1. Name the single residue that is nearest to the ligand (Cβ to nearest atom) among those in the range 306-327 being touching a Cys at 6+ places or on another chain (Cβ under 9 Å) and either within 15 Å of A158 (Cα to Cα) or among the β-branched types (V, I, T) (or both).
2. Looking only at the range 65-110, count how many residues are in contact with a helix residue (DSSP H, G or I) (Cβ under 9 Å, 6 or more places away or on another chain) and in a helix (DSSP H, G or I).
3. Is it the case that N216 is surrounded by fewer than 14 Cβ atoms within 10 Å (Cβ to Cβ) and within 14 Å of the ligand (Cβ to nearest atom)?
4. Looking at the range 268-305, which of the residues that are of a type in the set (S, T, N, Q) and closer than 22 Å to F55 by Cβ is nearest to the ligand (Cβ to nearest atom)?
5. Output yes when any residue across the range 49-56 is of a type in the set (G, A, S), under 21 Å from S217 (Cα atoms) and under 19 Å from the mean Cα position of the chain (by Cα), and no when none is.
6. Say we look at the range 1-44 and pick out the residues that are among the hydrophobic types (A, V, I, L, M, F, W, C), more than 6 Å from the ligand (Cβ to nearest atom) and part of a loop (DSSP other than H, G, I, E, B); which of these is farthest from L167 (Cα to Cα)?
7. Among the listed residues A311, A274, A319, identify the single one that is assigned by TED's automatic domain parsing to the domain that holds N88 and of a type outside the set (K, R).
8. Residues of the range 5-27 being surrounded by fewer than 24 Cβ atoms within 10 Å (Cβ to Cβ), touching a residue at least 12 places away in the same chain (Cβ under 8 Å) and farther than 14 Å from E114 by Cβ, which ones?
Amino acid sequence: MRIAIIGAGISSITIAQNLKKDATVSIFEKSKSVGGRMAFRRSTPYEFDHGAQFFTAKGTIFKNFIKPLIKENIIKRWDARFAEFIDNKILRTISWNAEYPHYVGTPGMNSIAEYLSTELSIKLNTKVNKVVHNANNWELFDDDSNNLGKFDWVISTAPAIQSAEILPVYFKYHKDLLDRKMVGCFSLMLGFKKPISLLWDVALIRNADISWISINSSKPDRGNSFSMLINSTNAWAEDHLSDDSQSVISYLQKETTRIIGHDTGNADHVSLKAWHYANISKQTKSDLLIDYDNKLASCGDWITQGRIENAFEAGFLMAQEINKIIK
Ligand SMILES: Cc1cc2nc3c(=O)[nH]c(=O)nc-3n(C[C@H](O)[C@H](O)[C@H](O)COP(=O)(O)OP(=O)(O)OC[C@H]3O[C@@H](n4cnc5c(N)ncnc54)[C@H](O)[C@@H]3O)c2cc1C
């Protein structure tokens, strides 16, 4: 059985890991590295996880999955000092600890996907543009109309709306893809030669246009250069995704300065990532989207909720179902 998977985020890698014994799995990823929204960027000497910031593990399957990765030091606990702000006032502080662990990939969030993908067949820098049925096979084509091969099954793990663009409209769950409303987010990355002295490493901010701040350099196994990651709220991003990046940077930088009470306008490194499909709220419908007749499927965090554990679980359950057919 030849299976093509579109995207190389955690849901895709989980599917591939669980199917590789009984099928020939080929992954196609449009960007230059694996991990998807578990993204990492180095702008020497600064380092940023500019997608997912951390994750928790609630379910047994996910807890079992991360155990060996913790043993291999690919995942580490992040015992950050947490602060909750209401606008520019700190409401409460706590320290994350072993009682309710918060985890990160090391040395970057993408390390998990990198580690798990070493024995997988992954074609990077390859954007799948269309999926066409031809003489009992699915054929994939990239942006330059290059044929990427023939497959029995195609599984798209691209964000729902992008999966809807790639898969044919007669995919049984095409409308479900269009119904999943994913929302945007800006990640502002700031690096400072001189560290800012703060009483916290992470901040959840309410009643403002920024929702989260991580001191990236406080995560385990990061370099010492002081780096700060700021997330806008999804609502603010949705209203400003088409603004020019310089105005977004200026606004978010000013907001950060106002909220934390320290000047961030003098940052030595400034960059911005605009995520158009960052997140999705908890979904009421969470069925697996598998079209057995057409041998097409689609999954990702957006099946249930925009979290790493949800993305993993979607991939795991998808692989279990596909495995029943191929065994
Ligand atoms: C700013 C931000 C902060 C977040 N914070 C957290 C957090 O703190 N904790 C948490 O648990 N989760 C967080 N998340 C959510 C978390 O990152 C996701 O739930 C998870 O990474 C989704 O994994 P996935 O495999 O479903 O999708 P993705 O990681 O999005 O993978 C899909 C892949 O498909 C690729 N792709 C898309 N179209 C094509 C195409 N046409 N051809 C080829 N490849 C294609 C994409 O490049 C991508 O690599 C955050 C996300 C963002 C953006």
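The values are calculated or read from the model by the stated rules, or taken from the named source; none is laboratory data. Quick caveat, the model's predicted, so the values are computed rather than measured. We place every Cβ from the backbone using ideal geometry, glycine too, and count neighbours over all the protein chains shown.
1. Among residues in the range 306-327 that are touching a Cys at 6+ places or on another chain (Cβ under 9 Å) and either within 15 Å of A158 (Cα to Cα) or among the β-branched types (V, I, T) (or both), the one nearest to the ligand (Cβ to nearest atom) is A311.
2. Result for the range 65-110: 3.
3. No: the conditions fail for N216.
4. Residue satisfying both the conditions and the ranking: N279.
5. Checking the range 49-56: at least one residue is of a type in the set (G, A, S), under 21 Å from S217 (Cα atoms) and under 19 Å from the mean Cα position of the chain (by Cα).
6. F40
7. A274
8. Scanning the range 5-27 gives N18, L19, K20, D22, A23, T24, S26.
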